[in-house]
Structures are given as structure tokens and as C-alpha cells.
2 protein chains.
Amino acid sequence: MRADDNEENLYHEQLPNVGTLIEESGRKLCRPSTIARKFPIISWLPRYRSAYLVQDFIAGFTVGLTTIPQAIAYGVVAGLEPQYGLYSAFMGCFTYIVFGSCKDVTIATTAIMALMVNQYATISPDYAVLICFLAGSIILVLGLLNMGVLVRFISIPVITGFTMAAATTIGSAQINNLVGLKGPSNDLLPSWKHFFTHLPSIRVWDALLGVVTLIFLLLMKQLTKIKWGNRLVWKYLSLSRNALAVIFGTFLAYILSRDGNQPFRVTGNITAGVPPFRLPPFSTTVDGEYVSFADMISTVGASLASIPMIAILEIVAISKAFSKGKIVDASQEMIALGMCNIMGSFVLSMPVTGSFTRTAVNNASGVRTPLGGAVTGTLVLLALAFLTQTFYYIPKTTLAALIIAAMISLVELERISDMWRSKKRDLFPFVVTIVTCLFWSLEYGIVCGIIANLVYILYSSARPQVLITLEKINGHEVALVDVKQKLDYASAEYLKEKVVAYLNQQNCKVHLAVIKGQEINSIDYTVAMNIISLYGDLKALDCEMICWNWNIGSAGVVCRLKTEMRSIFKFNYELEELIASHFDTSNTASTVTIEPAQGQVNAA
Amino acid sequence: MRADDNEENLYHEQLPNVGTLIEESGRKLCRPSTIARKFPIISWLPRYRSAYLVQDFIAGFTVGLTTIPQAIAYGVVAGLEPQYGLYSAFMGCFTYIVFGSCKDVTIATTAIMALMVNQYATISPDYAVLICFLAGSIILVLGLLNMGVLVRFISIPVITGFTMAAATTIGSAQINNLVGLKGPSNDLLPSWKHFFTHLPSIRVWDALLGVVTLIFLLLMKQLTKIKWGNRLVWKYLSLSRNALAVIFGTFLAYILSRDGNQPFRVTGNITAGVPPFRLPPFSTTVDGEYVSFADMISTVGASLASIPMIAILEIVAISKAFSKGKIVDASQEMIALGMCNIMGSFVLSMPVTGSFTRTAVNNASGVRTPLGGAVTGTLVLLALAFLTQTFYYIPKTTLAALIIAAMISLVELERISDMWRSKKRDLFPFVVTIVTCLFWSLEYGIVCGIIANLVYILYSSARPQVLITLEKINGHEVALVDVKQKLDYASAEYLKEKVVAYLNQQNCKVHLAVIKGQEINSIDYTVAMNIISLYGDLKALDCEMICWNWNIGSAGVVCRLKTEMRSIFKFNYELEELIASHFDTSNTASTVTIEPAQGQVNAA
């Protein structure tokens, strides 16, 4: 355990508990052998011990208490009836047991997923379910194709910007519900505009309960920092804060409603019962009109790219955050997530992914294996079967407070100061992402951020470090060119320009340029063409050129293009020796031979 | 001069003639001093010698003889009346004298520009002129913003694929004109379909003249390879082949038409006279209906991105090809090109750029300064004023032969075998470009090719070379991690995964991992976060971590994020000494100090 554990908040308690099954089976779970690779359960279930059962049960139960109110709340964020949130909250838990590779990850819909599916779900719930199925299939295929590596191109500044923008948008949309107003939409500016133009309509009791609940939640989150008494008590009290807030609000609303005078806006009827298991809807009916599969696809359009991307991003980021000291197989996580979505779409689920809040609760509750998910899933099913009448009395303002509290914890302002202190340059992709996400759309915003950030990689690939020094060796002026990075087509011309410009600037006559090749491990056709062109340029400036100690592969690319070039590649010389031999017997001792039959280059 | 000059065809005679003014004024012309930077004429005109006048005149005249028939032909390719080709062929020559930095470059419309403007020009010539103005403005702004560096991201395979596809499309469209058929469009497949479905309608005399002209042109091009007699005669004969073919065809058509029986399809009436100098059309009338500026813009749409891009690509590639031993200021060439287009749009020009054919003719004719362009421009103006009646008799089949011959020389099949021999991997972006250009569109095709090629840069940036070796030093197992390339956010996780996976694979206990930092010259926020995370991962594996000899900048990025990390950065030790001191007095001797006030990191 880290020494500074007590200084970290819940979301940073990321170290797995030492001595859990997962760590015992080591690579087996997070990097399974080939047989068990696609079904991690094969590697850990046979080694399951009865002692873990209690811990998995406690963790699963705690997560369940957090999941149920959050699921109802996110169902509303998605623009669906509350039970759809619960429909989305159990199948993922069961499926992940089989395919998941990280014990802590908890699958259910998240605030961001709910927000992204909102514009389609409000047309018809069938759209949300179809997106769940299609996104799941896409994620599964990407996982099977081992495309997990693609998420590496989303940097922390871009993820931070996206998360903050999404959290701000979601939290802002709930500000109306918090004070008993009917929110107009899920957009940032309209929500605040509606709030400020409807101040007189604020319902006092709703506002009071909402604000008190919000303060309660934020204070409860800090309980883990208390250092006296039994810290475990504080921890579990903190973990159960969502459940406590909902139970309190529901009880209050129920009591007060008994005299027929409900002071709060409550959730209302929730359809009871477990959803049927059936195929996802490949066509639907909107306003009495038949909508075909093709029409549905053209409506959901670009979200079939953005929703899988964000879902993958969330689960990979979370599983990595909770797997210290182990390698997360991003592609296996994608397979698991794809299966969770596909299976979910058979029970009317909307798109799901790893939930940071619940995963943190799971980890903090000391879960041992993914089996904890079974407890959570069962709890949700039981709630659907027997508790929906109780849910009638959940005040809407309580749910709003729940969401806002969760969103506040996602806005990590210290990240901005971290970036400012450590690398100011990284604020640029961050700002691009957050601004475009807030004021354009989350989907395009993250793409803009990724592109803005890629510019850095491309820029630096186009400007490799090239060090040129002029030395007088054996009475000859020799320019030593040291390329500090790999060359590719974007940097090919830069090298050429640097060398030619350098020679043009010298006042004395430079007789020879030596291009050191130690760090040039692979070149492409464009680089080879530029090397040949540089050779011609230098000839025009009456300067000879030697490529010194290049590897055979790179030399081969050049020599196969122009066999005359083979005489300029020199190997296995000391520099002094090279210069001496060059000016003694210029161009006679070729050190590369080409066998034209195979097009091979060999060092002599 | 290169020794193998005689083995090269015209298009590869790229060395400037030694001893020309340009070389005497050296950097002055191609890299002018700050004052003359934007007006290269300032640096070379005062040093102009009367002796150059003859050479500039001969070159300008030769280029003019090539330009006039090509201009008429490309006017037709653009879907405009022939005189528009001539309108596009003089203003660029004059403007480039002032702003151009490379003596050989000749500005006029090219086959590719004509093809790309065709779909708009066929609506109304005003569209072509407006695109010329807007493209010019965009190019000028990009040049002033020094964006010339962007063309580096277009690799030779992509350029080759684009050029071959464009040449194939343009040449194919002329196959119908060559045999006296009326071609249906400028698209590849419809042209050939029309040709094969209309074989019975072929006009024999047109086909005969066309094929003979084509063979004549292709043979004449080879004249420079003749090694006996006066090579200069052969060279000028070869250079004048276009003019000869047109004069012969026109004369033949004129003679044969005198008995009132014209066997050839001829160009027909060309409006005589120099175009008026007036503002480009910011609105127009199509079929009697008024079209506003906004409507015109929305019609031309994406071509305002693609036409400037291709124009810049052509001129930068050409000026580089003809500037051996000197640095081409790509941004200055863009400024010149932008001005040429803007000025051209005042005299009804369509978009223009550097022409490879005519630039090569200019170079081969021994031009000394950009002043040669004045002769070419004047010749075109004279032709417009006095020769349009003669142009009436130019057979269409002759123009088709001219275009096809020019396009054949653009299809350099040996490039494909070069790529195959030197770097097969580079065939992928080439194939992507040529296929999408041929069967989708030139605009999108080149973008697809660029993206396909960027994947290589991004892929390799995500997988830096990381070498890990296990050494037993002073009885301790130490993992030495050597990062061979720069780290950026895309590669940050790769390093972490490599190290953790390596340690997981070891059977023995590794006590310490040393991350060597010699080659890590700059890291970003994401890399720093991953270094901190790696430190935590290794702690979970009971392995300590040292960052050895990182530069102060990179160490600072990490330490400013998390001050505890400063104890793991070690400088100025030998490796043995480092290990010894580490295990002797572990974690006591910090070698980095942080001054929190400035957030600075200093090596002690």
C-alpha cells in the first residue's frame, strides 16, 4: 500500500489489495495464457476460494446500493423512463464475470453514455437499445482485431478536457431538477438560461432538500479523511452515502405524502418487473409510423463511431487505473465490453461501459474477483422485481443532487494546474477539447482535441534533431551530421535543408559531409530519395558525402534505388581512419556490395 | 554537371547551368536577406548583365512556343473556350518575375489544374476566374503564415500516385478527341466506355493525324539521347516539338480546307484580343439567373481547399527539383504563386501553378533569370492579339496528341519498381492514393493517401524502441531500460507496459529498474503521468526505480507534478557508482532540488 494513502480521495485509492486472488494468479488474470485469453474466468474460477465469497458479497452489495439510485438517475439523463437505467445495470455485471480481466471494473451505464445516447433515446427507447447492440458489436470487432492500441492516441489532456466538459454539461442540466424546475434539455447554455429566467418558479422544498442532499454527499465523501476511530467504519459510511441520501429522501417524501400533500417532485411510476429477453429492435415505430433498420441507422449515424470510442476510452482508462503493477490487455477489455453491450441489448439496455464511481466503490470495498458483479446484478434484478413501488417516492431533486455530486468529482481542477506547472504546451489540446466539447458537441469535440494533439507528434516528427559540427580532420574541413531521431518522409527534407543551409553558411570550403547513422534505424522511400538528392546537392556545392555506420537495412533502401550510392556507405571505420582513407583513395574502396539478383546489400 | 547527364531525360536535367547569375548571387536569390525576402527581384535585377538578355530571350521564346498550344489545349480540358487557356498563360509569367525565387519556374495553368477546375468552369467561366482569385488569396495567406512546411507531409509515394492518376484521367479523356470523337466527360471510365462503344464513328483522317502526331511527339522527345552531331541542335529540335506539331497540323488543315472540304475537326473561332483588366467576378449569371457570391462559394466548396493544396504542391515540388544545392523558400514560392493567381484573376485567368513541362523546357533552354518569363508572357499576348485567326485551323486531334504525350511523360512507371525494390511498405500509400484518385476523386484521393501515410508516422511514434537488459551489479538484479526514441503521449504507455511486462516475465526478483534518459529530450504531461504511474506499478512489484541522466527539462516536468519523484532522478553518476550508492543509502541522497517558488528543477 502507498504510504500517502490517507491523503488520497476515494478515486485515487487505486492499488489493489495486496494478497488478493488476482495478484496470486498474477499474469494469469490480466495477461492470460493463450487458451484462457478470451475467457479470463477459466483462469481464476478454478482457483476461487470460499474465503473470497464474503468479501465479494460485501463489495457487490455496496456497489449495488450505489448502482441502483445512479441507474435510475442516468436513465433520466438519457431521456428514458427510470426503469431503463435499471435494465442497463445488471446484464453487464453478469457478462463481465466471464470476459472481464480486471476484478474491480463494474459495468453499467454512465452519465456520459447516457448524455450521448439522449438525443436518440428521446425519439424512442428502441434507438438506445439498437445503439447498445451495434456499439457492442463494433467494440467486439475492434477488440478481436486488437485495436486497443488506438486509445493511446487520446492523451490525458484530451481525456481531461472531454471529461470536464461532459461533467459540466451533465451537472448543469441537473441544476434545474435540483430546485424543482423542469429542465429544458441536456445542453449547457440552455440549462443555465432556463435556470436564471425561471428563478421565481423555484420550488422551495425541492430546492431545500436538493441543496441539503448535495452538501451531505460532498461532506460524506470527505469522511475517509478522518483519522481517528475505526477508519473502516468511516470508509463504509462514505461508500454508502448515495444509498443513504436516496433512502432518506424517499422516506421523507413517503412520510410527507401521507397527508395527501406531496411537497417534492418525485420519480413517479416505474414499470415493475424484469425486462423480457428478446432480440434488439431492428425496426421501430415512431408516432405510429414504421421506421426501418436503414432509417434508424441513418438517424444514429456518427454516434456509432463516437459512442464505441468513448465507451472503450472509459473502460480502458478505468481498468488501467485499477491495475497497478499489471498489464491491462486493452483488447480483452474491449471484447468484454462488446459482449456486455451485445448481451445487454437483449434486455433493453442502453449502451454501457466501465463506471469510474462504482469501480472505485468496488475496489474500496475490497472486492476479490469479478464475481462480485453477480451480487450487484442480482440486487438490481431484485430491485426491479420488488422495489419499483418504493422508487415511486424518490424525489427528483435527490437524484439531481446525486448526479451533480458525481459530476463535481469528475471535474479535477488540479489537473489544469498540474498541466500548467509541468508542461504548459499540453494546455492547448486540453483547451481545444473542452471548448469544442462544451460549445459544439462532445462527439466532435474529442475528435478536434485528438487532432490538435496529433499536430505535436507530427510537428516533432517533421523536425528531427540534427546536430551539425564542423571539424578540421587531417587538414580537411569536415561537416559531421548527427541525426538524433528517426527519419521518415516528413523529416526527410528537413535533414537535406539543414545540411545544405549549413554548408551555404560556412565561409570556408567544406570538403566532406559525414552523415552519422547510428540512430537512423529505418528509412522510407522518400527519405532515400532525399538522401540521393542531398548527394546531388552537395556535389553541386563541391562537397562529398559519406554515410557512416548506417545500418544495413537503411543503406539498402538507398542503394537499391541507385547503385552508384553504394560507394558512399562506409562501415566499421573509426572516424579519423574513415576521413584519412577517404582523402587518400577517394571513391575506390567501396565497402558495400550489391548482389543485384536479390537486391541485397551486404557490408564488406 | 552530373556525369550521367546524357542518360537522363529532359525532365531530369535538373541541375542549373553552372555560372548563372542565380548561382553567383547565391543565397541572395533563393534565400534572400530580410529586406529583399518578399521581393526577390530586388536582389537580382540590379546585378542583371546585358549578356543574360540573349539567353533569357531564347529560353522565354522557346517556352512561349510550348506554352501557346498547351494553353489552348488546357483551356479545352478545363471545359472553357480555348482563349481562356491563353488568358491564363501571361499574367503569371509577369508576376513571377517580381515575386519568384527560382529562375526556371514557369507559371501557367496545368493539365491537373484544368481538370480540377473543369466541373465548375463548365457552369460558367466566371467560376474558374473566381476560384483563381480565391485560391490565390488562400495560397498568399498560407505563404505569409509560413505554412510551406505543410507540404512535407505529402510523401513521394502519395505525390506519385496522385500524379499518375491525374495524368491517366486527363490522357484518357483525350483518347476520344484523338480519333475525332466528341468526348463525353473528363472521367476515366466514361471516356473509355465512350471510346469502345463508338468505334464505328471514328473519323479516319482525325485518327490518322492524331496517332501520327502522338508518335512524332514521343519520338522527338528521345532526340536528346542522340549522341552524334551537334547535341545542341537535337536539344532545341526536341524542345520545339510541340510547336512543330501544331504548326504542321494547322498548316495541313488550312491547305486541305481550301477546297471547302475540311477533313479534320478544328478548334474553330477563338475570340481575338487581350482580355480586359477588371475585378474578378464576385457574382455571375447562369442561364439568365443571378448567382450571388455566397451561392458561388457554396458551389465551389471543397475545391477551395484542394486546388490551393495541389497548386502549392506542384510549384514547391518543381522549384525544389530545379534548385540543386540551394534551399527553396517554400513560403516565398507560395507568396509568388498566390500573387500570380490574384493578378491573373483580373485578366480572366483560371487557377495557375508551376508547370513541370515548361519549367523543364525553360531550364533546358538555359534561362538565366526569371526575366525570361517576360518574353513568354509577351509572346502569349501577341498571339492573343494577332494569331487567333490562325488558331482556328488547329486540329483538335493535334491538341489531344499534345496532351496525351505530356501525360505519358508524367506516368513514371519506374517509380513503382523503385518503391518495390527499395521499400515495399511505401507501395501502400501509393496504391491507396492512385486507386481513390482514379475511382473516387482527385481531391479526396490525395487526402486519403496522406492519411494512409500518416498512419506510419503515428504507428512508429506509438512504438518507440525500448531495450531492456537485466544485469547483476554488486549482487543486485538491475533492469536497465534504454529508450531509443523520443517519448510522447502516444508512446508513454508503451514504455510503461514494456517495463512492467518485462519485470513480470522475470523469474528472479528484480530490485531496481534504471530508466536511462540520454535520448529522452522532451516529454509531455501524459508521459510524466505515466512515469509516475510506472513508479507506482514498480513499487507494487517491490522494485525501485531510478531515472538516470535525464535532462533537467524532462525531469522537471515529472518533479513539478509530484515532488516526491525528485528523489528518483539521478545525475552525473557512473552506473556502478549509482547502483552502489542507491543500495547503500537508499532514498537519502536526493540529487534534485526543487525551488517551489519558480517551479524550477536543478541538478545538484
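Which condition from (1) surrounded by fewer than 16 Cβ atoms within 10 Å (Cβ to Cβ); (2) over 28 Å from the mean Cα position of the chain (by Cα); (3) more than 9 Å from every other protein chain (Cβ to nearest Cβ) is the one that residue A:505 breaks?
That leaves (3) as the condition not met.
Do we find that residue A:282 is in the same structural domain as residue A:220 (by TED's automatic domain parsing), aromatic (Phe, Trp, Tyr) and in contact with an Asp or Glu (Cβ under 8 Å, 6 or more places away or on another chain) in this structure?
Criteria not met by residue A:282.
For residue B:273, state whether it is touching a residue at least 40 places away in the same chain (Cβ under 8 Å) and surrounded by fewer than 14 Cβ atoms within 10 Å (Cβ to Cβ).
yes
Of everything in the stretch B:207-255 that's part of a helix (DSSP H, G or I) and of a type in the set (Phe, Trp, Tyr), which residue is nearest to residue B:176 (Cα to Cα)? Spell out how you get there, then give the answer.
The initial filter retains those residues of the stretch B:207-255 that are part of a helix (DSSP H, G or I), namely B:207-225, B:231-239, B:241-255.
Filter once more, so that each one left must be of a type in the set (Phe, Trp, Tyr): B:216, B:234, B:236, B:248, B:251, B:254.
Numbers: B:216: 19, B:234: 32, B:236: 31, B:248: 21, B:251: 23, B:254: 22 Å.
Here the answer is B:216.
Per-residue answers, yes or no, for (1) touching a residue at least 60 places away in the same chain (Cβ under 8 Å); (2) within 23 Å of the chain's Cα centre (by Cα); (3) outside the structural domain of residue B:110 (by TED's automatic domain parsing):
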position	(1), (2), (3)
B:432	yes, yes, yes
B:440	no, yes, yes
B:455	no, yes, yes
B:458	no, yes, yes
B:468	no, no, yes
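Of all the residues that make up the stretch B:508-533, how many are crowded, with 20+ Cβ neighbours inside 10 Å and either closer than 25 Å to residue A:317 by Cβ or aromatic (Phe, Trp, Tyr) (or both)?
Selection size over the stretch B:508-533: 12.
Among (1) surrounded by 14 or more Cβ atoms within 10 Å (Cβ to Cβ); (2) free of Cβ contacts under 8 Å to residues at least 12 places away in the same chain, which single condition is residue A:250 missing?
(2)
When you check residue B:513 against the structure, is it closer than 21 Å to residue B:564 by Cα and either of a type in the set (Lys, Arg) or within 9 Å of chain A (Cβ to nearest Cβ) (or both), yes or no?
It is false that residue B:513 is closer than 21 Å to residue B:564 by Cα and either of a type in the set (Lys, Arg) or within 9 Å of chain A (Cβ to nearest Cβ) (or both).
Results for (1) within 14 Å of chain A (Cβ to nearest Cβ); (2) modelled with pLDDT under 85; (3) over 30 Å from residue A:563 (Cα atoms); (4) surrounded by fewer than 23 Cβ atoms within 10 Å (Cβ to Cβ), shown as yes or no for each residue.
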{"position": "B:380", "(1), (2), (3), (4)": "no, no, yes, no"}
{"position": "B:394", "(1), (2), (3), (4)": "no, no, yes, no"}
{"position": "B:413", "(1), (2), (3), (4)": "no, no, no, yes"}
{"position": "B:416", "(1), (2), (3), (4)": "yes, no, no, yes"}
{"position": "B:432", "(1), (2), (3), (4)": "no, no, no, yes"}
{"position": "B:437", "(1), (2), (3), (4)": "no, no, yes, no"}
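Scan A:188, A:217, A:223, A:239 and give me the residue that is closer than 13 Å to residue A:404 by Cβ, surrounded by 16 or more Cβ atoms within 10 Å (Cβ to Cβ) and under 30 Å from the mean Cα position of the chain (by Cα).
Every option except A:217 fails the conditions.
Quickly run through the stretch A:451-494 and pick out the residues that are surrounded by fewer than 19 Cβ atoms within 10 Å (Cβ to Cβ), among the β-branched types (Val, Ile, Thr) and within 13 Å of chain B (Cβ to nearest Cβ).
A:451, A:455
Which one of A:357, A:299, A:285, A:388 is at pLDDT below 90 and not in a helix (DSSP H, G or I)? Spell out the reasoning first.
Details: A:357 fails: not in a helix (DSSP H, G or I); A:299 fails: not in a helix (DSSP H, G or I); A:388 fails: not in a helix (DSSP H, G or I).
After ruling out the rest, the residue left standing is A:285.
Does residue A:315 fit the bill of being under 19 Å from the mean Cα position of the chain (by Cα) and buried (at least 24 other Cβ atoms within 10 Å of the Cβ)? Write out each step before concluding.
Details: under 19 Å from the mean Cα position of the chain (by Cα): yes; buried (at least 24 other Cβ atoms within 10 Å of the Cβ): yes.
When the stated conditions are applied, residue A:315 passes them.
Which condition from (1) touching a residue at least 24 places away in the same chain (Cβ under 8 Å); (2) part of a helix (DSSP H, G or I); (3) at the interface with chain B (Cβ under 10 Å from one of its Cβ atoms); (4) more than 25 Å from residue A:490 (Cβ to Cβ) is the one that residue A:564 breaks?
Every condition holds for residue A:564 apart from (1).
Which condition breaks for residue A:311 when tested against (1) in contact with a strand residue (DSSP E or B) (Cβ under 6 Å, 6 or more places away or on another chain); (2) free of Cβ contacts under 8 Å to residues at least 24 places away in the same chain?
The one condition residue A:311 does not meet is (2).
Considering only the stretch B:359-377, I want to know if a residue exists there that is out of contact with any strand residue (DSSP E or B) (no Cβ under 9 Å at 6 or more places or on another chain) and on the phi > 0 side of the Ramachandran plot.
Yes, the stretch B:359-377 contains at least one residue that is out of contact with any strand residue (DSSP E or B) (no Cβ under 9 Å at 6 or more places or on another chain) and on the phi > 0 side of the Ramachandran plot.
Do you know which of the residues in the stretch A:35-94 that are charged (D, E, K, R) and assigned to a helix (DSSP H, G or I) is surrounded by the fewest Cβ atoms within 10 Å (Cβ to Cβ)?
A:47
Just to verify a result, which residue in the stretch B:38-65, among those that are at pLDDT 85 or above and of a type in the set (S, T, N, Q), is farthest from residue B:245 (Cα to Cα)?
B:50
Just give me the residues in the stretch B:520-558 being over 23 Å from residue A:156 (Cα atoms), among the charged types (D, E, K, R) and at the interface with chain A (Cβ under 10 Å from one of its Cβ atoms), in sequence order.
Matches in the stretch B:520-558: B:542 only.
The values are calculated or read from the model by the stated rules, or taken from the named source; none is laboratory data. Note that the coordinates shown come from a computational prediction; the quantities given were computed from them, not determined experimentally. Positions of Cβ are backbone-derived with ideal geometry, glycine not excepted, and every protein chain shown enters the neighbour counts.
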